[in-house]
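A.B. asks: The following block contains the structure, expressed as structure tokens.
Derivation of every value follows stated rules applied to the coordinates shown; laboratory data play no part. It should be emphasised that the depicted structure is a prediction, and the values quoted were computed from it without experimental measurement. Counting neighbours? That spans all protein chains shown, and the Cβs are built from the backbone with ideal geometry, glycine included.
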Amino acid sequence: MRIKSNGFRLATYGVCLLPLTLLAYWLRQDFAGFAPLEGWSMILGYLSFLLIGVTLLLGPMSVWLPPSWKAPLLSARGDVGIIAGLCGLLHVALVLVLFQGEPRLMIIDDSHAPKAEGWLGLFFLSFPHEESLIPNWSRTGVANYLGLCAAAILLTLFLTSFQIVKKRLGGSSWKRLHLGNPLLFLLVIFHALIYIQSIKGEPHSFADFLWFAAIVWIARGVGFLHNVFRRKR
């Protein structure tokens, strides 16, 4: 069976986009107190986080389920990753737009040191009589650096998720590159958890991220042990 048929890929996108649309509508009610662009930037961040986690779950699931499920799940993983990348990059784009103009994000716990102009203020401080920019190592600044690293990895994975790029890279190079997916997930978790404390708490909470992160890491851990024991046989 040719798994990568257009029909199968369209079905994968449909299965992803319908619940994502419903989830986005539900989250929009929770973020109604924020400016529209700010609310959507956070909603897209949530959706990207969830989808990155799903890509990490599909690998172990392909091992535990019947063999006939393996090819469809691994095929769907790439398409889910593309949607995760799109959501994450839109999140980053909206944040940059917000910091380039007005309104900016509502931050309740940050240093009062003067920030650089525009989106550079996410990462740098700018003091009078200082010609160079100074890195912002406040808690929010660290979260932004983590987000920047995550965005760089996400962009790389997104651009290499398409079949034409995968063929040019070769299977082994592509697999090594995409081993960065767990690191991406970890960076997003810490980025989000720090921001929970620096952006208005409601409607954020640690539970929004930690319960799902725990499921992903437990599944990955069990899958790793399963592979180790299988190789020793």
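A.B. asks: Using 0.36 nm times the number of residues separating L159 and A214, minus their current alpha carbon distance, what extension gain do you get? Could you put the intermediate results ahead of the total?
C.D. replies: Numbers: separation 55, 0.36 × 55 = 19.80 nm, distance 2.80 nm.
Taking 0.36 nm per residue and subtracting the Cα distance, the gain is 17.0 nm.
A.B. asks: Moving to a separate point now. What is the distance, in nm, between label points placed 7 Å from the Cα along the Cα-to-Cβ direction at Q197 and at F224?
C.D. replies: The two pseudo-label positions are separated by 2.6 nm.
A.B. asks: Then there is this: How would you rank 63-71, 185-193, highest first, on the average number of other Cβ atoms within 10 Å across their residues? Walk me through the numbers before you get to the answer.
C.D. replies: Working: 63-71: 11.3, 185-193: 20.1.
Packing proxy ranking, top to bottom: 185-193, 63-71.
A.B. asks: Based on alpha-carbon centroids, what's the gap between segment 24-61 and segment 69-101 in Å, whole number please?
C.D. replies: Here the two parts' Cα centres lie 10 Å apart.
A.B. asks: Please list, in chain and number order, the residues 5+ apart from F124 or on another chain whose amide H is under 5 Å from its amide H, with Hs placed from the backbone.
C.D. replies: A116, N136
A.B. asks: Could you run the Karplus curve 6.51 cos²θ - 1.76 cosθ + 1.60 with θ = phi - 60° over segment 154-166 and give me ³J(HN,Hα) per residue in whole Hz, x for Gly and Pro?
C.D. replies: 4, 4, 4, 5, 5, 5, 9, 8, 8, 4, 4, 6, 4
A.B. asks: May I pose another question? Using a 7 Å offset from the Cα along the Cα-to-Cβ direction at both I134 and Q100, what is the distance between the two label points in nm, to one decimal?
C.D. replies: So the two model labels end up 2.8 nm from each other.
A.B. asks: State, to one decimal in nm, how far the label point of A71 lies from the label point of R176, with both points 7 Å from Cα in the Cβ direction.
C.D. replies: Roughly 2.8 nm, to one decimal.
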